[in-house]
Amino acid sequence: MAANVYASATEDDQGPWTSGSVTIDCPDVGSRLTSVPDGAGEEVDRELALLDQQIAAAYQQLQGSAQAVRDDAGFADNAVMNPLKEKRAATLERIGIAIDRVADRPEGLSDLAACTLRTADDNAGEEAGGNGGDGQNQGDGQNQGDGQQGGDGQQDNGGEGDGQQGDGGNGGQAGNGPVAADFVDITTVQPAQQAADPGAGPSQGTFATSCGVNANGLFNSDNVIVAPGVTNGAHHFHDYVGNQANDAFASDDDLANGETTCVDQGDKSTYYWPVLRLQNGTQEQDAQSPGGGIEGNAGEIVTPKEVTLTFVGNPRSEVTAMPRLLRIITGDAKAFVNGTANANASWSCTGFEDRQLKDKYPLCPNGSDVVRSFSFQSCWDGNNIDSANHRTHVAFAAADGSCPAGFKAIPQLVQRIVYDVDAPSLQDGGRTTPLFAVDSFPEQLHKPVTDHGDFINVFDENLMNEMVDCINEGRTCGAGGDNGGGDNGGGDNGGGDNAGGDNGGGAEQPGQEPGQEQGQGDGQEQPPAQNPEEPRTEPAAGGAGATDTPRTAEPRVYTKPSAKATEPAAENPAKDTPAQDTGAKGEIGTPATADPDEAPNQNENQNPAPDQSPVAADTGDTPSVVPAPQAQGGLAETGANLWPAAAGALLLIGGFVVLRRSTKSS
């Protein structure tokens with residue numbers, strides 16, 4: 001099989017074979033585990049993280065073994081794919097055992113061990129025609145022509161070799177994308193159809209929160225929702241705004257007590273998304289780190305020009321308060337191999353936000369900025385703040401705004417991120433003007449369809465109730481609104497020109513409706529607030545544009561140590577065999593719900609020494625979870641804990657001296 005894929009991918013390529021044309025497609029186990037008992041959750045999370053680590057290592061090995069594959073058509077199967085299957089089988093067996101201790105073992109786990117090689121072109125039809133998804137993403141239908149629009153014309157601009165950039169046709173992002181065919185001229189995209197407008201229903205208000213643009217560079221490659229306790233669980237770097245305590249080891253208490261960059265200090269929620277990078281050769285701090293350059297996420301990290309976070313209502317009913325610590329993931333970090341059922345990010349350009357793309361990056365005309373936007377799920381099951389696959393506890397409303405049976409309408413987060421980046425020069429592979437792309441899992445080839453966003457609600461109760469009242473009463477509130485305007489919402493980027501004008505995608509954008517499920521921008525969204533430098537100071541008034549400082553030259557990789565980190569599980573060689581189907585009732589769902597946002601991988605150090613080997617070292621069959629540190633806290637805290645012991649030691653020594661002198665004198 002691998003030999004056939006290799007041959008088809010390289011048939012017309014006389015240069016070095018590159019994995020930019022071939023990727024690894026594995027069944028997504030996390031999305032199919034729709035129910036995991038509480039007693040097994042922590043262990044299952046670690047094993048799911050290991051599955052992602054194994055794929056990333058196999059992809060890196062494949063990428064570094066081009067010549068070996070060319071010399072021996074069976075090399076990919078023998079050296080990469082078959083060992084990967086064996087490791088996955090052992091990991092799946094441990095998942096089965098963990099669940100079997102407290103509940104019935106899921107059926108069919110062993111069937112998910114095998115992976116396949118596929119060329120990047122295998123997904124072309126799926127991306128172009130799969131935008132209908134499963135009916136949950138209401139904006140899917142509007143993108144039906146995206147694939148065709150992004151294909152023909154842009155491939156012509158990019159030339160041969162799939163339009164790939166760089167030496168040997170390796171593409172951007174260290175050889176695994178993006179390529180010219182991933183881009184489309186926004187002016188050729190047809191405007192979207194209008195959907196149900198929450199501004200026309202019983203909850204017509206909007207509530208904006210202003211939390212900055214991550215100007216000071218708070219990044220890590222963790223994901224506390226999907227891979228708690230696992231460092232580098234996302235395999236790509238995130239921008240963070242809002243809560244500043246978010247890393248893989250953040251507990252609910254850590255988040256509740258964390259600092260926030262939001263203007264309203266009652267909002268300690270965490271908002272994060274994959275960083276956007278320019279393929280311009282810049283060596284960022286993470287160039288030799290897991291989650292960064294080691295895994296193909298290379299180039300200059302771009303600080304957003306503007307971030308707006310707006311909560312809107314529902315066209316059919318009033319909204320109810322979100323539960324505290326509710327987790328929501330929107331989009332699918334693995335949509336390139338999983339399919340687009342859960343893809344939910346949209347791409348556009350300022351001045352053209354009635355035209356939305358899901359599976360292409362936009363080429364914006366001069367004077368227009370790139371816009372990526374997310375409309376999060378707006379229906380909640382009324383009971384759970386999370387679920388086993390991080391999806392089933394929330395849902396998208398139907399086209400008319402109605403929630404599924406048993407679900408309640410909650411304020412919908414509409415997130416809009418604007419970047420001042422130039423349209424890439426596709427004709428020369430981005431050499432004149434660099435390509436750009438979001439960070440991704442290595443095997444996802446930095447496709448735009450893999451974009452996603454994450455949110456954890458840490459609003460205090462009073463502010464959440466204020467939000468609900470505001471939306472249900474049809475008012476415009478929050479930072480920049482009529483109840484939160486003035487100093488906090490004013491300024492050039494406040495509640496003025498950009499709040500509902502050209503950059504907001506508001507009334508001046510035909511077909512653009514605020515808060516709809518298409519993942520579009522919201523015309524009533526407000527701009528970001530200051531993202532203060534550390535040590536943190538209170539946000540200054542005046543809105544983001546007036547107070548944000550430039551991004552630091554070297555972005556900080558946030559690596560807070562934590563005693564909550566879990567020790568690696570002990571291996572059990574006797575269990576390292578493929579899971580046997582017990583016939584017990586199972587909790588393995590169908591892939592109708594695609595992969596939970598980011599999936600994990602572990603590395604023991606966020607910034608290890610560079611590894612020049614082209615073949616990734618196998619980290620074994622247990623995740624390398626960060627070991628618990630021996631001490632925590634700053635120097636002041638450590639001193640406060642140690643000085644009593646030191647004083648006691650001095651007194652003891654003094655006693656011996658007095659006793660000795662007393663003995664001599666006698």
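The values are calculated or read from the model by the stated rules, or taken from the named source; none is laboratory data. All figures in this text were calculated on a predicted structure; none of them were measured in a lab. All Cβ positions, even for glycine, are placed from backbone atoms using ideal geometry, and neighbour counts span all protein chains on display. For accessibility, only protein heavy atoms count, side chains too; no ligands or nucleic acids. Shrake-Rupley method; radii C 1.70, N 1.55, O 1.52, S 1.80 Å.
Is the shape of segment 20-71 rounded, prolate or oblate, going by the alpha carbon gyration tensor and its root eigenvalues a ≥ b ≥ c, with a/c under 1.5 for rounded and a/b larger than b/c for prolate?
On the way: a/c = 5.53, a/b = 2.86, b/c = 1.93.
Cα axes put segment 20-71 in the prolate bin.
A 1.4 Å probe run over segment 193-305, with the rest of the protein chains in place, finds 23 Å² accessible per residue. Approximating the spin labels as points 7 Å out from Cα along Cα→Cβ, the residue 114-to-residue 473 distance works out to 6.2 nm. Here each label is just a point 7 Å from Cα along the line to Cβ, and for residue 82 and residue 420 those points are 5.6 nm apart. Taking a ≥ b ≥ c as the square roots of the Cα gyration tensor eigenvalues, with a/c under 1.5 meaning rounded and otherwise prolate when a/b beats b/c, else oblate, which class fits segment 299-372? Here segment 299-372 falls in the prolate category. Seen through its C-alpha gyration tensor, with square-root eigenvalues sorted a ≥ b ≥ c, segment 188-280 comes out oblate because a/c lies at 1.5 or above while a/b is not bigger than b/c.
Once all protein chains are placed together, residue 224 keeps about 10 Å² accessible to a 1.4 angstrom probe. Put a dot 7 Å past the Cα of residue 398, heading toward its Cβ, do the same for residue 461, and the two dots end up 3.5 nm apart. Sorted on the mean count of surrounding Cβ atoms within 10 Å across their residues, most packed first, peptides 336-343, 276-283 read 336-343, 276-283.
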